[in-house]
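Trainee: Just dropping this structure here.
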Amino acid sequence: MEQYVIKGGNPLVGEVEIGGAKNAALPILAAAIMTDDTVHIDNLPDVRDINVMLGAMESIGTLVHREGRHYVTINAANISSLVVDNENVKKIRASYYLIGALLGKYKHAEVTLPGGCDIGCRAIDQHIKGFRALGAEVVVEHGMIRTRAERLVGSHIYMDVVSVGATINVMMVAAMAEGKTIIENAAKEPHVVDVANFLNSMGANIKGAGTDVIRIKGVPSLHKSDYTIIPDQIEAGTFMFAAAVTRGDVTVRNVIPKHLESITAKLLELGCEVQEEDDCVRVVCSRELRHTHVKTLPYPGFPTDMQPQITVALGLASGTSIVTESIFENRFKYVDELTRMGANIKVEGNTAIIDGVGRYTGAGISAPDLRAGAALVLAALSAEGESHLDNIHYIQRGYEDFHLKLQGLGAQIHLVDTEQDYSNFRMMTG
Ligand code: EPZ
């Protein structure tokens, strides 16, 4: 079974290039099937969730041509089925974007209910509320969500919770519904804006994405587009925290610094230096980390997808820190693994109380989900001695070449699958 073997203790130094945003790319790929024209998408990350999504699109007759590792051409003129149901699709949460895309274009969609990381209850009531408000009938039965409409008609929709997925899904359907839709209490994440920009590049009329009120005038059809996905805010943030926990000096390139503001603010509180330029951010950490408190919130608050990474950093910081998780209730599962590395963290409900320990020690650990897996890698990179991380398939869902990018910064991390790989690692690291 594949593992990361990590020998910690050396500061990460150098430059790393950030790829396209997975959580923008997934709905953008789904939205690409809303036109019969050919769509070109650039800066696509080559990660498992994206490849599963492309497979799901192919399974219903979409022509997908990967022109390069990060460039794909999609043509959905001859979709053969509006039913998306296979074992792979269940593995990704984002399969629910195919419901919005198919319902918007064909007024009918049946998609197996999403899976994804086990980080808490992943309700879809707001998606369903939005589809119904636009005129669709929706039933959930036999593990499928089935939805159909005679007509889709614009509506005024108030989201009871701020949801990235529901905002994007309803926006996709409304883009092709008759008349005007207003989505209130919309999510404002950069990837919501990116999907709106992509739909607009195909001829949709969406205004206000990035604020909490999105206004959409439906159009009867969408057309071809050539679109480049925004950089991945969470991949960038993960490397910024890698610099912090290893007391390194890392420049993350190809980012939009504005999207990283909450992450930068917390790194400054921890005592790191952060320098921003047009499309890169440099993080330098030359002293002991300081404690702070953080609460995850919808954008522009501190992202839940960075919660494990900041907890790992605070576990090393002087003093007591408090991390409150307000988005997903089951996102502290990695704390048991960190405890095995010497962390002193107590979880009570949605709060982690952290007494910094100054150093971690290497251990055999296991990734419970995508972001927690990446955070455990950071812990291992900062630790004394060797760590072995299992279940790295979670990390491969969302980080392209994670270990190779870290190696480029001087990290001693290797992907091993056999005894021979492990012997090679031992030889290289002494
Ligand atoms: C997206 O999930 C991301 N996934 C998640 O990233 C991210 O953690 C999350 O947004 C929050 O930023 C993808 O983009 C594929 P939500 P999503 O709908 O859309 C509740 C990662 O690591 N809710 O914004 O599923 C829900 O239970 C992943 O890359 C409802 O109650 O998140 C949660 O508490 C993990 N009813 C909150 O809203 C609904 O109908 C936010 O969920 C929908 C959501």
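Trainee: Only residues in the range 361-381 that are in the same structural domain as LEU338 (by TED's automatic domain parsing) count as the first member; pair them with residues that are at pLDDT below 95 and among the β-branched types (Val, Ile, Thr), Cβ under 9 angstrom, at least 6 apart or cross-chain, and list the lot.
Mentor: Listed by first residue and then by second, the contacts come to PRO368/ILE119; ASP369/ILE119; LEU370/ILE119; ARG371/ILE119; ALA372/ILE119.
Trainee: If you don't mind, another one. Based on this model, can you work out whether ASP160 counts as in contact (Cβ under 8 Å) with a residue 12 or more places away in the chain, open to solvent by 10 Å² or more (accessible area, probe 1.4 Å), within 11 Å of the ligand (Cβ to nearest atom) and assigned by TED's automatic domain parsing to the domain that holds ILE60?
Mentor: Judged against the criteria, ASP160 is a match.
Trainee: Go through (1) modelled with pLDDT under 95; (2) outside the structural domain of ARG397 (by TED's automatic domain parsing) and name the single condition ARG287 misses.
Mentor: Failing condition for ARG287: (2).
Trainee: For residues in the range 21-51 being in a helix (DSSP H, G or I) and open to solvent by 30 Å² or more (accessible area, probe 1.4 Å), which is nearest to the ligand (Cβ to nearest atom)?
Mentor: So the residue we want is ASN23.
Trainee: For the structure I just gave you, tell me whether ILE145 is of a type in the set (Val, Ile, Thr), at pLDDT 95 or above and within 16 Å of the ligand (Cβ to nearest atom).
Mentor: no
Trainee: Another question, if that's okay. If you take just the strands (runs of 3 or more DSSP E) that sit entirely in the range 183-272, which of them hold at least 1 residues that are touching an Asp or Glu at 6+ places or on another chain (Cβ under 6 Å)?
Mentor: 213-217, 225-228, 249-253
Trainee: Would you check if there is a residue in the range 40-50 being farther than 18 Å from ILE128 by Cβ and free of Cβ contacts under 8 Å to residues at least 60 places away in the same chain?
Mentor: yes
Trainee: Can you tell me which residues in the range 73-93 are under 21 Å from LYS105 (Cα atoms) and among the β-branched types (Val, Ile, Thr)?
Mentor: Correct list: THR73, ILE74, ILE79, VAL83, VAL84, VAL89.
Trainee: While we're looking at this one, here's another question. Go over the candidates ALA109, ALA101, ALA123 one by one and state the one that is assigned to a loop (DSSP other than H, G, I, E, B), assigned by TED's automatic domain parsing to the domain that holds ARG215 and small (Gly, Ala, Ser).
Mentor: ALA123
The values are calculated or read from the model by the stated rules, or taken from the named source; none is laboratory data. If you're wondering where the values come from, they're calculated on a predicted model, not measured in any experiment. For neighbour counting, all protein chains shown are included, and Cβ atoms are generated from backbone atoms with ideal geometry for every residue, glycine included. The accessibility values were calculated without ligands, DNA or RNA, using every heavy atom of the protein model including side chains. Shrake-Rupley method; radii C 1.70, N 1.55, O 1.52, S 1.80 Å.
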